[in-house]
Structure formats: structure tokens, C-alpha cells
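Just so you know, all these numbers are worked out from the coordinates, no wet-lab data involved. Not measured: the values here are computed from a predicted model. Every residue, glycine among them, receives a Cβ derived from its backbone with ideal geometry; neighbour counts consider all protein chains shown.
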Amino acid sequence: MVERQSPLEPVYHPGSHGNFEHGIDVILSETRPGSILQLAAWPGEEKRLMSGIYKVTGLALPDGAGGGVSNGAKSAFGFAPGKFTVVDEAEGLASAFTGVLTPSIGTLTDLSHGRTAIRIAGPKAEWVLAKFFAIDFALPAFPLGAGRSTNHHDIFAQIQRSSADQFDIYVFRSFARSFWKALCHASEEVGYEVQ
Amino acid sequence: MLITCPYCGPRDVIEFTYQGDGNRERPQPASQDLDAWNAYVYDRLNPAGDHNEIWQHSGGCRAHLRVVRNTLTHEILSTAFARGGHKTESRS
């Protein structure tokens, strides 16, 4: 496999930054998953696609808009009607769907090289993200594992809540550096650490 | 202005793209009825009140929606997926 380079590399500076004298309230990192897939079901085939995702990843997607689940290594969430993002730390997830996701069920698009995954964690993660996106980040409105599609100044973003105070954001690779720099600026006031 | 996407829930209008009047009836592609094509391309009700519209949630789930919006107050009266092909009935 060709080694994948991060678009964030020139601006990725591990360490503490911003107003961290009073503590670090946000931790930023790039998770660099090996596989990022987009799966879309034909109308009426959503349940078969969801059972296919379960068969391949072991992730049981809940019913309902934006429902999702994460087990640490693998994650999946709905981002549009009949469409799901499935992420794996390991490479090669797309080939695992061969024979499971048949053309009669839907389609698979491998976006592993097209998206950058950014993780924001910490007690002020909701606060910082609320400066970017006009959606409700409170836990009752955005439950654990759930996904949301939204955008920030034309940078389309898919966001999954991977734990109570942690979010994984998937952005276009070509916009990732710009988004990362904006995220760093927005995190300065609360004190942030890049890992 | 907030539009409640049937999938994503209430979102700011900035996430949506207006896709035109939802009252238009597109003639069959082979139709040579010039009056029908003329009506499809040019005729608009332009009401001062409830209006059937097509919107796309382009900054979210990207679904096309049937929206009834009041052109005087900008109140969104109903939203539904456009895929069903059914016109959304306006409130009045």
C-alpha cells in the first residue's frame, strides 16, 4: 500500500496551544482511519444495507435519521436518507463488502483518500463546535454514536459523536488544512492540545 | 429562517438551496404541446401567501424537499421529501 500523507502535516503542531495556562479544555487530533466508505441503498433496500453493514463490521445501526454506533475501531452512522458512512481503523474495508453489498442493494464509494478525519475531545468540544456549525450539540439532541451532515462556510462536514465529549469530523481532504487552522483558532480561547 | 428537514431536523436556511416553484407540471419529454411547455417554463402563480416550493438541503443530507412557505411571512408551513412525487398541500 502507498503510504498516505496527511494534508494537515504543515500545520499539525503537537503540544499545548492557546490559553492553556488554566487547563486544557479541548484535545485535537487527526485519527487517520484506514477506510472511510460511503454506502447508499436504493429506495426500499435500507434494511438490507444495514444488515450488510452489521455482517461486515459487527455494528448494529439503530433505526432513525442520523442513527449511528461506534466501537472504537469501527464506526458507522447515517448521514442522509438511505446513506451511511462506515469507518474502520484498518485499510481494506471496501473489499470486505464485496459479495455482501450487491448491486441490487445499493452502492459503495471508497472515500478513504478523499476525506480527512479530525477528532475534537474534551469538556469544551461542544462549545468550540457550536462556533462552527448551527446545530444542537447537546447530548439529548445529538446522542452518542449519532451522525450529522452540515457545513461551515461551504466546507461540508459529517460529524459523529463518538463519546460523551468527543466528536469525529469528516471533511473534504482538500479543505482539511483550512478547516484545521480554523478549528485551532477557535480552540485558542479554551486552551487546546494537539496530539 | 429555519427549515425543518425531514431527515436532519430544523436547520438554518443557509444550508438550503432554492430549486424553484413546486407547482410546475413538466410535460412528457415527447410532448409537442407548445402551450404546456410554455406554461412549464414561464407561468408562475407568484402568490402573496402560501407557496409550494422545491428546496434542496444542499449543505446537509442533500435531499430534495417539498416545502410550503408563506411568501409574506416566510413561515415554513410544511416540509416533506420530494422523492414521493406527491405535492404538499398548502395550509389554506
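Structure data summary
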{"read-out": "Shielding by partners - mean other protein chain Cβ count within 10 Å, residues of B:2-14", "value": "4"}
{"read-out": "Tensor-based shape of the range A:1-44 (alpha-carbon gyration tensor, a/c under 1.5 rounded, otherwise prolate or oblate)", "value": "oblate"}
{"read-out": "Cα pair distances of the range A:91-148 binned at 10 Å [whole percent]", "value": "16, 34, 25, 23, 2"}
{"read-out": "Whichever aspartates and glutamates have a C-alpha closer than 19 Å to that of A:K74, once near sequence neighbours (fewer than 8 apart) are set aside", "value": "A:E30, A:D63, A:D88, A:E89, A:E91, A:D110, A:D165, A:D168"}
{"read-out": "Stokes-Einstein diffusion coefficient of chain B, Kirkwood radius over Cα pairs, 37 °C, 0.692 mPa s, in µm²/s", "value": "235"}
{"read-out": "Other protein chain Cβ atoms within 10 Å, averaged over every residue that makes up A:132-138", "value": "3"}
{"read-out": "Relative contact order [Cα under 8 Å, 6+ residues apart], chain A, whole percent", "value": "33"}
{"read-out": "Chain A: angle of helix A:173-187 to the longest principal axis, Cα-based, in degrees nearest 10", "value": "40"}
{"read-out": "As computed over the range A:58-195, the Cα convex hull volume per residue (Å³)", "value": "121"}
{"read-out": "For the protein assembly as shown, diffusion coefficient by Stokes-Einstein and Kirkwood Rh (Cα), 25 °C, 0.890 mPa s, µm²/s", "value": "118"}
{"read-out": "Computed log₁₀ I(q)/I(0) - Debye formula, equal Cα scatterers, no solvent, the range A:140-195, q 0.13, 0.17, 0.23 Å⁻¹", "value": "-0.37, -0.64, -1.06"}
{"read-out": "Proportion of all alpha-carbon pairs of the range A:35-110 beyond 18 Å (%)", "value": "27"}
{"read-out": "Crossing angle, helix A:46-57 versus chain A [Cα axis fit, 0-90 degrees, rounded to tens]", "value": "70"}
{"read-out": "Loop-located trypsin sites (Lys or Arg not before Pro) in the range A:91-195, at most 15 other Cβ atoms within 10 Å (DSSP)", "value": "A:K131"}
